[in-house]
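The values are calculated or read from the model by the stated rules, or taken from the named source; none is laboratory data. What you see is a predicted model; the values in this text were computed from it and never measured. We place every Cβ from the backbone using ideal geometry, glycine too, and count neighbours over all the protein chains shown.
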């Protein structure tokens, strides 16, 4: 897939990723290192939590979303370089055995006034499980190179 320059993006475009299987052991290993809370580490403790079962950390979900975005057809020139996040919501727990997929919609495209070689693409990425249930919604600005002249 060829990199997409700022001029290649337009509001309303949607890019869909492949799928990523969520593994029980990866949920626990991520949690041990980055979010060591009982509902991410121990099935029995998790049953008594608000999640009512083992759930991936929201930060793990965000990291898996990033992995799916990098592997998708989105391919902004210069890579997936974030300028900031406007909104990040975790809507539903991610469970062992889930299959995640990301659909990213271009909301806005703006050339930079101070850096003529780049601009910003506002992107809303919805991560859903195998049932089509959204588990995370992320709205972020990406820095994207302009096509060389």
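What is the number of the single condition among (1) within 21 Å of residue 30 (Cα to Cα); (2) surrounded by 14 or more Cβ atoms within 10 Å (Cβ to Cβ); (3) touching a helix residue (DSSP H, G or I) at 6+ places or on another chain (Cβ under 8 Å) that residue 137 does not meet?
Of (1) within 21 Å of residue 30 (Cα to Cα); (2) surrounded by 14 or more Cβ atoms within 10 Å (Cβ to Cβ); (3) touching a helix residue (DSSP H, G or I) at 6+ places or on another chain (Cβ under 8 Å), only one is false for residue 137: (3).
Just checking, how many residues over region 97-149 are farther than 17 Å from residue 82 by Cα, in a strand (DSSP E or B) and without any contact (Cβ under 8 Å) to a residue 40 or more places away in the chain?
Residues meeting the conditions: 1.
Could you please find all residues in region 72-92 being in a loop (DSSP other than H, G, I, E, B) and on the phi > 0 side of the Ramachandran plot? If you could, list the steps in order and put the result at the bottom.
Of all residues in region 72-92, those in a loop (DSSP other than H, G, I, E, B) come to 72-75, 77-80, 91-92.
Result: 75, 78, 79.
Report every pair of residues separated by at least 6 positions or lying on different chains whose Cβ atoms are under 7 Å apart, first residue within region 50-64 and on the phi > 0 side of the Ramachandran plot and surrounded by fewer than 17 Cβ atoms within 10 Å (Cβ to Cβ), second modelled with pLDDT of 95 or more and not in a helix (DSSP H, G or I).
Partner pairs satisfying both residue conditions: 53/95.
Pull up region 121-134, narrow it to residues that are surrounded by fewer than 18 Cβ atoms within 10 Å (Cβ to Cβ) and in contact with a strand residue (DSSP E or B) (Cβ under 8 Å, 6 or more places away or on another chain), then point me to the one that is nearest to residue 9 (Cα to Cα).
Of region 121-134, the ones surrounded by fewer than 18 Cβ atoms within 10 Å (Cβ to Cβ) are 124, 130-134.
Then keep just the ones that are in contact with a strand residue (DSSP E or B) (Cβ under 8 Å, 6 or more places away or on another chain); that gives 124, 130, 134.
Numbers: 124: 13, 130: 28, 134: 24 Å.
Filtering first and then ranking leaves 124.
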